[in-house]
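Accompanying notes for the structure given below.
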Amino acid sequence: MIKTDHRDVRERRRKQENREAILHAAEAVILRKGLAAASMDDVAAEADFSKATLYRYFKNKAELLFEILLHFLEDMDAGLAGIRAGGGSCRDRLRESILYTFRFQAQKENLSRVFMMDRSFLKLMQVFIADESNLSQEAERRFVRKIREKRRRMMENVGLLLKEGEAAGEFKSMDVLSTVLFLSAVVQGYFHEKFWLGMKPNIDKDVYLLERLIWQGIGNPKNRIKE
């Protein structure tokens, strides 16, 4: 029984490692060849897997692209969760969260550029804004649910940090959900606007400016930290 359990654990680990290898290989191929030109054959060769093995993990290119996006959110969520669970003041952890988000997006900037400039992908991304009931494929509906759930969890984690700051007297009393949505829009929007304007982010300076702006909005004036 124990041996069987060990085998199951090893098999799950092997499958997860293979999935990670395929996703990283797909990113490399897309960066090198572009989104439209990248093929499942290219990804299989890059990952050093047979095409049959690749198709056991991903049924088609669209599913692989969706999983790259989900993987992006999973990696970001894991980093942010680690910061929230760490020590330090809530303000420090909020600053670290913004800094992590900027660094993560800068690291993935070239990949994001390929996705955001590709017409076929933008058409594919209409799935995100579609009413789930209007989607024809169950795979699409399942993917939209996964993305929305992941985004919801990320928002909830930020909300927990804000509530902790409220309880500690660091932050004002606030509408937590609205504040989370606003923070997300500001942080993501600031980075994306620089991207579209062709401006390189100055991460330390940008985070400093954003953090000061946010702190002026939610910081408790009775608990100001000397700058």
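Summary of values
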| read-out | value |
| --- | --- |
| Conditions (1) exposed (fewer than 15 other Cβ atoms within 10 Å of the Cβ); (2) in a helix (DSSP H, G or I); (3) not polar (S, T, N, Q): number failed by ILE30 | (1) |
| Flag if PHE171 is over 22 Å from GLY86 (Cβ atoms), surrounded by 15 or more Cβ atoms within 10 Å (Cβ to Cβ) and assigned by TED's automatic domain parsing to the domain that holds ILE83 | no |
| Selected residue [outside the structural domain of VAL187 (by TED's automatic domain parsing) and closer than 28 Å to TYR190 by Cα] from LEU65, LEU23, LEU99 | LEU23 |
| Candidate set: the stretch 2-27, residues that are over 17 Å from ARG56 (Cβ atoms) and of a type in the set (A, V, I, L, M, F, W, C); chosen: the one surrounded by the fewest Cβ atoms within 10 Å (Cβ to Cβ) | ILE2 |
| Number of positions in the stretch 58-92 that are in a helix (DSSP H, G or I), over 12 Å from the mean Cα position of the chain (by Cα) and free of Cβ contacts under 8 Å to residues at least 40 places away in the same chain | 4 |
| Pick from the stretch 196-223, criterion assigned to a loop (DSSP other than H, G, I, E, B) and not charged (D, E, K, R), ranking: nearest to LEU162 (Cα to Cα) | ASN220 |
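The values are calculated or read from the model by the stated rules, or taken from the named source; none is laboratory data. Keep in mind that this is a model prediction, so the values were computed, not measured. Positions of Cβ are backbone-derived with ideal geometry, glycine not excepted, and every protein chain shown enters the neighbour counts.
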